[in-house]
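Comments concern the structure below.
A short reminder: the numbers here are calculations on the coordinates, not readings from a lab. For clarity, every value in this text was computed on a predicted model and none was experimentally measured. Methodologically, a virtual Cβ is constructed for each residue, glycine included, from the backbone with ideal geometry; neighbour enumeration extends over all protein chains shown.
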Amino acid sequence: MNMIGSVSAEKLLGMQIDLNTKLRSGALTVDELDSFLNRRSPFGILSAYEATAKGLLQYIGNVQLPNLDGFVNSQCFNESNPAGVKFAPFEEKFLRLFVGQGGSEEYRQGEFSYYKTIDLARDITIIRALGPRFETSLALIWSLLKKQPKGQPGTLLTYGGNMFFVRDWDGHLWQLVVGWSHDENNGWKIYMYNIGGSGYISANWQIFG
């Protein structure tokens with residue numbers, strides 16, 4: 001596999017396509033790109049403290065993501081997963097873009113914060129509020145789901161959305177919303193949305209970053 005530093009050329013290409021799409025759609029401005037490339041605050045961003053002061057987010061707490069030995073996307077995000085997590089049917093697109101290649105993604109270990117949205121907000125505004133730590137991973141989602149496999153009370157909301165910003169195998173950034181489905185297919189459901197394309201995020205949702 002061709003590599004540039006520690007990143008595959010295929011993933012860099014995916015990130016380039018993702019960036020071009022966001023620039024063309026207006027989801028990312030040239031000034032914000034300039035700030036990111038020159039290692040100033042990514043996306044020209046408010047700090048989480050400033051965002052809280054401006055009424056966008058309310059800090060709730062922190063969660064820890066340890067090293068998950070043997071974590072493999074395809075083994076965890078399926079109906080017969082080892083932790084007994086009950087999933088509602090997966091979207092085909094999610095399986096193809098996040099699970100289908102059978103490997104394990106790179107993920108950041110350590111501490112993540114989570115917040116509550118105070119009012120309606122756009123995902124780009126939330127990314128700006130979270131700052132450089134806005135990206136999360138399927139590994140973080142999995143570590144939280146394992147603690148609430150049948151929809152028990154816990155960190156994740158079971159009435160309302162839990163939002164994560166995660167890159168797929170090709171480096172495209174997506175908004176993933178995890179919620180408990182209360183219909184006949186009850187279980188944890190994962191919804192995918194393009195950045196800048198999901199409309200407004202509801203108040204009282206949880207945001208991880």
So, in segment 112-149, how many residues would count as being surrounded by fewer than 23 Cβ atoms within 10 Å (Cβ to Cβ), among the aromatic types (F, W, Y) and not in a helix (DSSP H, G or I)?
3
Here are L176, L156: which of them is in a loop (DSSP other than H, G, I, E, B), closer than 14 Å to Q206 by Cβ, touching a helix residue (DSSP H, G or I) at 6+ places or on another chain (Cβ under 9 Å) and not hydroxyl-bearing (S, T, Y)?
L156
Determine which member of the set R167, R96 is charged (D, E, K, R), more than 16 Å from I201 (Cα to Cα) and surrounded by fewer than 18 Cβ atoms within 10 Å (Cβ to Cβ).
R96
One residue from V99, V178, V166 being among the β-branched types (V, I, T) and more than 18 Å from F208 (Cα to Cα)
V99
Kindly list, by first and then second residue, each pair from a residue in segment 124-135 that is without any contact (Cβ under 8 Å) to a residue 12 or more places away in the chain and farther than 19 Å from V63 by Cα to a residue that is of a type in the set (F, W, Y) and surrounded by 21 or more Cβ atoms within 10 Å (Cβ to Cβ), limited to pairs with Cβ atoms under 6 Å and residues at least 6 apart or on different chains.
none
